[in-house]
Structures are given as structure tokens and as C-alpha cells.
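Everything below concerns the one structure shown next.
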Amino acid sequence: VMRKMLNNFNKKVTPELKKEIERQGKTINEIIIMASLLEKEVVSYEDKRIVSGIFWRRLENNYPLESCATIAYILKVDKWRYSYKDTRINSPYNTYIHTGLPPSPICNPGIESIKAAIYPKRTEYNYFLTDPKTKETIFSKTLEEHNMNKRKYFGKFWLIQRFKLKAQSSKLQLKAQK
């Protein structure tokens, strides 16, 4: 079974793709981990390429990926939104509290996700979310725009989480002052 899986992988990840990965100074392992995140984050190939560009740029800037797919992997529950508490779980797979890629793939990615990880689309976008009703990916350039989209697409849930985040931040500031 493993040999069959490896043969299938080698058919799809061609020598040309491997050469491109090497040219970029990345490893196949890094590409497969990134592809696994893309596989779980967004649906279309074009959106995967855009999210790939966002994620690679975050890595270049030592910024957390903040991938909900990693929280789903940790919790073994796929929700349309995760709470602030969910994003604080202590796990090496938690891309909200750790920078860099998770230690291993979170799923077996398809070839579209692998190609999107190899060929990211560089845009001015820095944030994205998925409309829970249509599954459309909504991209934002600024945090302000992203927060407006959260309010628009997630409504009350987002406001409750934002309130909890502010309350948590206030508690931390009080502790720091003591």
C-alpha cells in the first residue's frame, strides 16, 4: 500500500515540480505541509494560490500563519469559526501561537494544493476568511477591512469573540502592572 502511494506521489509530483521546489530553496516536506493547510483552508485552485502567497509572506516575515485548519486538526472538529480559547491551545500544530509551519502535514493534499504551494500568487492581500453560507473566499488587504468582513460574515459570533479577546487583553495588562 505504501509503495503504491509513493508511486502515485512521484507520478504527480513530477521532476519539473521537484526542480522548481529546489530552485525556490524549499523542501518537499515544506511544500507538502503548506499544501495540506491549503487543502483544508480554501476550495478553488485560484484561491489556494492566493492563500499560499499570503502564508509564504507571513512565514518570510516571521508572522504566525493563523490557520483555522490547524485548530480543526488539533481539536479534531471542523467548525465554521473557532473561539479565542480554541486558538490558545498548546500544541506544536497551533499556528496562532507558533510561527513557522506545523511539524507535519495535517492531511493528504491533492495535486492542486501542492501546485498552489509551489506556485503562490503574490497579491496585496494579507487576510482572508470563508463565507460560511457560500464557501466563497473573501480577501482583505488591511486588518480594518478584514475586521469589517468578520462583522459582515460572522455577525454576533465575531463580536462576542472580540469582546472576550479585549477582556483577556485587559486581564493580562492588569497582571503586568502588578
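The values are calculated or read from the model by the stated rules, or taken from the named source; none is laboratory data. Predicted model only: the values in this text are computed from it and were never measured. So basically every Cβ, Gly included, is an ideal-geometry build from the backbone, and we count neighbours across all protein chains shown. To get the accessible areas, we keep the full protein, side chains included, count just its heavy atoms, and leave off ligands, DNA and RNA. Shrake-Rupley method; radii C 1.70, N 1.55, O 1.52, S 1.80 Å.
A compact table of results
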{"read-out": "Accessible surface, segment 19-114, averaged per residue in Å² (probe 1.4 Å)", "value": "50 Å²"}
{"read-out": "Per-peptide average of other Cβ atoms within 10 Å, ordering 81-91, 106-116 highest first", "value": "106-116, 81-91"}
{"read-out": "Per-residue [θ]222 nm for the chain (sum of -39500 (n - 2.57) over DSSP H runs n ≥ 4, rounded to 500)", "value": "-18500 deg cm²/dmol"}
{"read-out": "Gyration tensor (alpha-carbon) shape descriptor, segment 31-77, a/c threshold 1.5", "value": "oblate"}
{"read-out": "Alpha-carbon Rg/Rh ratio, for segment 1-147, with Rh computed the Kirkwood way", "value": "0.96"}
{"read-out": "Protein accessible area in the chain, 1.4 Å probe - carbon and sulfur %", "value": "54 percent"}
{"read-out": "Cα gyration tensor, segment 94-155 - rounded (a/c under 1.5), prolate or oblate", "value": "prolate"}
{"read-out": "The chain, relative contact order in percent, only Cα pairs under 8 angstrom and at least six apart counted", "value": "24 percent"}
{"read-out": "Hydrodynamic radius of segment 61-139 per Kirkwood, over alpha carbon pairs, in Å", "value": "14.0 Å"}
{"read-out": "Candidate residues HIS146, HIS98: accessible-area rank, largest first, probe 1.4 Å", "value": "HIS98, HIS146"}
